[in-house]
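*Asks:* This is the structure I want to talk about, given as structure tokens.
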Amino acid sequence: MNKLSMAMAFCLLLAGSIVPRGNPSPDGNIAAIAPQYSLVYAGEKDIPIAGDSSKKDDVDDVKNGVDGGMENGGNGGMENGGDGVLYRVMAIVLVIWMGLALYLFRMDRKIVKLEKDLNER
Amino acid sequence: MKTGRLVYLFMPAAILMAFLYAPPAAGLGEASRIVYFHVPLAWGSVLAFAVSGILSIRYLFGSNGSEAMLDMKAHHSAGIGLTFTVLAIISGSIWAKMSWGSYWNWDPRETSIVILLLIYISYFALYGVMSDNGNRGRISSVYLILVMVVVPFFIFVVPRVYPSLHPDPIINAEKKMNMDMKMRMTLLVSAVSFTLLYVYFMGMRNRLMGIEKKIDEKIENRREI
């Protein structure tokens, strides 16, 4: 475990030295360059529903390699879940959860069995 | 233990709510849905670290015999907390790339979580090298208590003192939740789900530890016979 910990610490330090700092601000005030947003519902007019592919600019930005599709004030092509992206992401998350749940369930059953065996002997 | 099994119900509900029930946030769009995983993961890690500190206090100052193996339980809780922290950092980095254009920005909150991660990695290194030391439980417990005192400073104080790319805390200085009702509900269900996941993991690890202990006792008894 200590070897693993040291390896993790090394990787973190390495990552810290390699990863560039994003959005550099001339005066060093990162709050000044922070996008203005809050976790408030945008409203029906601003955000089309998932699956609606009427707003393609962000998807195109991502395809063209424009910085995360953010240049047009979008969200990396996820603004409207274009072409059902939202549902695909949800399906992937659900599949990951199902795999984890199955693993946990099987482990739980094995532990219960071990506990029973130990108590009987 | 049985409470933890509720995670099988809550987690799929949280996932479905995050993608189908909660509306997208202003300015962030669909990418804002990461918040329903990122924030509960961070919450789960804080909870796990707090529990490890409390168990360490009980281990050091308990006197009724119930403190046996509490250092091991604290170790398990810190392990789960570390895993949750790594996942929170990964989910946060993905969100940062989508919102700010870079995976890592050395934002005060990001910096403080890395320091916290290093502190807990040091704990595991310390715990690992003392495997033959009889005082391992006491030394590691003292370390976890000291860390528990430091954690609130890194998580709650530093991000509020320095300017940050992160939005205002959900519960801010105005003591008002700037969040849509549906979003709030989804975040709550997700937070409960990750808390249950923590409880479930913790219960399983402790039960495994109990099994190991019983096997050791039986082996000892047979040797004596």
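*Asks:* Using the 10 angstrom Cβ neighbour count as an exposure proxy, how do B:Glu224, B:Glu212 rank, fewest first?
*Replies:* B:Glu224, B:Glu212
*Asks:* With N residues in segment B:12-137, what two-decimal value do you get for its Cα radius of gyration over 2.2 N^0.38 Å?
*Replies:* 1.33
*Asks:* Taking the 0 to 90 degree range and rounding to the nearest ten, how far is the long axis of helix B:136-152 tilted relative to the main principal axis of chain B, both from C-alpha atoms?
*Replies:* For B:136-152 against chain B, the angle is about 20 degrees.
*Asks:* In nm, to one decimal, how far is the B:Lys214 label point from the B:Lys2 one, both placed 7 Å along Cα→Cβ?
*Replies:* 1.8
*Asks:* Which entries in the list B:Lys73/B:Lys182; B:Lys2/B:Lys182; B:Lys2/B:Lys218; B:Lys2/B:Lys97; A:Lys110/B:Lys97 go over 31 Å, if you measure between the two C-alpha atoms of each?
*Replies:* As for pairs spanning more than 31 Å Cα to Cα, those are B:Lys73/B:Lys182; B:Lys2/B:Lys97; A:Lys110/B:Lys97.
*Asks:* What does the highest-first list of B:48-59, A:84-95 look like by mean Cβ count within 10 Å?
*Replies:* Ranked by mean Cβ neighbours within 10 Å, highest first: B:48-59, A:84-95.
*Asks:* Taking all pairs of different Cα atoms in chain B, averaging 1/r and flipping that mean, what Kirkwood radius in angstroms comes out?
*Replies:* 19.3
Read-outs: derived from the displayed coordinates by stated rules, not from any lab. Given the structure is predicted, the values throughout are model-derived calculations rather than measurements. Here Cβ is always computed from backbone atoms with ideal geometry, including for glycine, and neighbour counts include all displayed protein chains.
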